[in-house]
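**Student:** Submitted below is the structure of interest, expressed as structure tokens.
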Amino acid sequence: SSDHARERGMAYYKPSRDSYSADRLTLVSELRHALQNNDLALFLQPKLSLKTGQVVGLEALIRWPERAQTVRPDEIVILAEQTGLINPLTRWVLEQSLSLRTRLMEHGWELGMSVNISPNNLREPDFPLFVQRLMSRFHTHEGTVTFEVTETSMMQDPANSLTALNSLSAAGIPISIDDFGSGYSSLSYIKQLPASEIKIDRSLVSDLASQSEYRVIVQTTIDMCHSLGYQVVAEGVEDEITAELLRDMGCDMIQGYLLTPPLPFDEMLDWLRDSGSQQRMLG
Ligand code: C2E
Ligand code: MG
Ligand code: MG
Ligand code: MG
């Protein structure tokens, strides 16, 4: 569908290239406006257990429908981080995620929800309190909303990030390390984080089937993560062969276009209904 074509992208705006241009200022004010007017959207992508074949959770991913052809989701986030909009944006994403999760439960689906968090959020002193209040407002049980943070972003401010993640984790929010293996990593630092899950970056996963070197790297990563007590998710799984390889390697979960690209709420509901896997149903 056209949504999926859009997912795979076109000629995108790059905010970093022209930080002071009039275009950028217009875009920032448009984004602020979109946030205030509820013109942003969340798409959802399932996470599947390779052990049980069940969908175990959904990742919420930001979309700007009016700008879908020109501003990529990670560029929305960069723009927001550069202009102080990231805190209201994350709060909107969180509230929206919990609200979508409630609607899913009304349709009989009880699924965990993963939300991407920016390092800026961890610098807000009242962020953990905001999260706790939101969770109690939505009657969200501990362990059902996971925060994804990238290893690279934590390294900008390691001590503060560690403190903030500890307090979120203590409040019942599982922490997932996103894009693992994509950049510089400090294993001794990561080991200190209160994380329960590691997501192996797409760049290591996408060539698994065609290049045997990647199999060695991914197998070693999975084994190491298991030894350290983490659940392992492979990102960007696009074909059956890769999924089979990952299953044989002992990987716990997969995400990727093989299952589906991220979808709007109603389409996700249809996808869940149509998907062959046996879901955990309520009641
Ligand atoms: P991420 O958290 O690592 O999300 C995975 C990205 O990979 C998503 O891109 C998803 O659409 C894409 N993807 C999933 N499966 C496949 C696949 O099989 N093949 C390929 N080629 N791509 C796949 P998306 O939605 O464009 O998001 C990009 C990044 O932007 C995210 O990476 C995350 O770092 C950031 N992001 C998205 N939404 C939010 C948000 O609400 N808050 C924050 N702070 N960051 C967000
Ligand atoms: Mg993520
Ligand atoms: Mg990722
Ligand atoms: Mg990423």
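The values are calculated or read from the model by the stated rules, or taken from the named source; none is laboratory data. These numbers come from a predicted model, not from an experiment. Glycine gets a Cβ as well: all are built from the backbone with ideal geometry, and neighbour counts include every protein chain shown. The protein model used for the area step is the full one, side chains on, heavy atoms only, and it has no ligands, DNA or RNA in it. Shrake-Rupley method; radii C 1.70, N 1.55, O 1.52, S 1.80 Å.
**Student:** Treat each spin label as a single point 7 Å out from the Cα along the C-beta direction, and report the Tyr189 to Arg133 distance in nm.
**Tutor:** Roughly 3.1 nm, to one decimal.
**Student:** Using only alpha carbons, build the gyration tensor for the stretch 141-216 and give me the equivalent ellipsoid semi-axes, biggest first, whole Å.
**Tutor:** Value: 26, 15, 8 Å, ordered largest first.
**Student:** Still on this structure: Using modelled backbone amide H atoms (1.01 Å from N, in-plane), which distant-in-sequence or interchain residues come within less than 5 Å of Leu50's amide H?
**Tutor:** Here the answer is Met253, Ile254, since their amide H atoms fall under 5 Å of that of Leu50.
**Student:** In the chain, once you exclude exposed trypsin sites (Lys or Arg not before Pro) (DSSP loop, at most 16 other Cβ within 10 angstrom), what's the longest stretch remaining?
**Tutor:** The reported range is 192-279.
**Student:** While we're on this one: Suppose we keep just the DSSP beta bridges with both residues in the chain; what percent of those would be antiparallel, to 5?
**Tutor:** Antiparallel bridges make up about 35 percent of those DSSP assigns within the chain.
**Student:** Something else now. Just the Kirkwood number for the stretch 26-177, please: inverse of mean 1/r across all distinct Cα pairs, in Å, one decimal.
**Tutor:** 16.1
**Student:** Loop only per DSSP, at most 11 neighbouring Cβ atoms within 10 Å: give me the GluC sites (Glu not before Pro) in the stretch 86-160, ordered by residue number.
**Tutor:** Filter output for the stretch 86-160: Glu142.
**Student:** Distance between the C-alpha centers of the stretch 154-220 and the stretch 71-143? Whole Å please.
**Tutor:** When both Cα centres are located, 20 Å separates them.
**Student:** How large a share of the accessible area of the chain, in percent, is made up of carbon and sulfur atoms when the probe is 1.4 Å and the other protein chains stay in place?
**Tutor:** It is 50 percent, rounded to a whole number.
**Student:** Restricting things to Cα coordinates, could you compute the convex hull volume per residue of the chain in Å³?
**Tutor:** Spelled out: Cα convex hull of the chain, divided by residues, is 141 Å³.
**Student:** Follow-up. What spacing in nm lies between the two simple spin-label points modelled at Ala22 and Leu258, each 7 Å away from Cα in the Cβ direction?
**Tutor:** Calculated label separation equals 5.0 nm.
**Student:** Once phi is turned into ³J(HN,Hα) by the Karplus curve 6.51 cos²θ - 1.76 cosθ + 1.60 with θ = phi - 60°, what whole-Hz value does each residue of the stretch 31-40 show in order, with x for glycine and proline?
**Tutor:** With the stated coefficients, the stretch 31-40 comes to 5, 4, 4, 4, 5, 5, 9, 6, 8, 8 Hz.
**Student:** What length, rounded to one decimal in nm, is gained on full extension from Glu142 through to Ala41, with 0.36 nm per residue of separation minus their alpha-carbon distance?
**Tutor:** Result for the pair: 33.9 nm of gain on full extension.
**Student:** Under 15 Å from the Cα of Lys199, which aspartates and glutamates turn up, not counting those fewer than eight places away in the same chain?
**Tutor:** Correct list for Lys199: Glu59, Glu148, Glu151, Asp178, Asp179, Asp223, Glu235, Asp252.
**Student:** Rounded, prolate or oblate, given the Cα gyration tensor of the stretch 161-283, with a/c below 1.5 counting as rounded?
**Tutor:** oblate
**Student:** Then there's this: Is there a quick way to get the dipole size of the chain? I mean about its Cα centre, with the Cβ of Lys and Arg at +1 and of Asp and Glu at -1; what is the value in debye to the nearest 20?
**Tutor:** Using only the charged Cβ atoms, the result is roughly 540 debye.
**Student:** Between Thr102, Ser185, Val145, whose Cα lies farthest towards the positive end of the dipole of the stretch 98-204 when Lys and Arg beta carbons carry +1 and Asp and Glu beta carbons carry -1, centred on the Cα centre?
**Tutor:** Positive-end residue among those listed: Thr102.
**Student:** Name the residues whose placed amide hydrogens come within less than 5 Å of the amide hydrogen of Ser114, ignoring near sequence neighbours (fewer than 5 apart) on the same chain.
**Tutor:** Long-range HN contacts for Ser114: Leu58, Glu59, Ala60, Thr146.
**Student:** Right, here's the next one. Could you tell me which residue out of Val237, Cys225, Phe130 lies farthest along the dipole of the chain toward its positive end? Charges go on the beta carbon: Lys and Arg +1, Asp and Glu -1, centred on the Cα centre.
**Tutor:** Farthest along the dipole direction, towards plus: Phe130.
**Student:** Given the DSSP H assignment, sum -39500 (n - 2.57) over each helix run of at least 4 residues in the chain and divide by its residue total; what's the result at 222 nm in deg cm²/dmol, nearest 500?
**Tutor:** It comes out at -13000 deg cm²/dmol, rounded to the nearest 500.
**Student:** Separate question: Find out how many positive minus negative residues lie around Leu134, taking Lys and Arg as positive, Asp and Glu as negative, among other residues whose Cβ is under 15 Å from that of Leu134.
**Tutor:** Summing Lys/Arg as +1 and Asp/Glu as -1 gives 0.
**Student:** Right, another one. Which chymotrypsin sites (Phe, Trp or Tyr not before Pro) in the stretch 110-214 sit in a loop by DSSP (not H, G, I, E or B) and have at most 10 other Cβ atoms within 10 Å of their own Cβ? Before the final figure, lay out the partial values.
**Tutor:** Details: sites: Phe130, Phe138, Phe147, Phe180, Tyr184, Tyr189, Tyr214; in loops: Phe138, Tyr184.
Listed in order of number, the matching sites are Tyr184.
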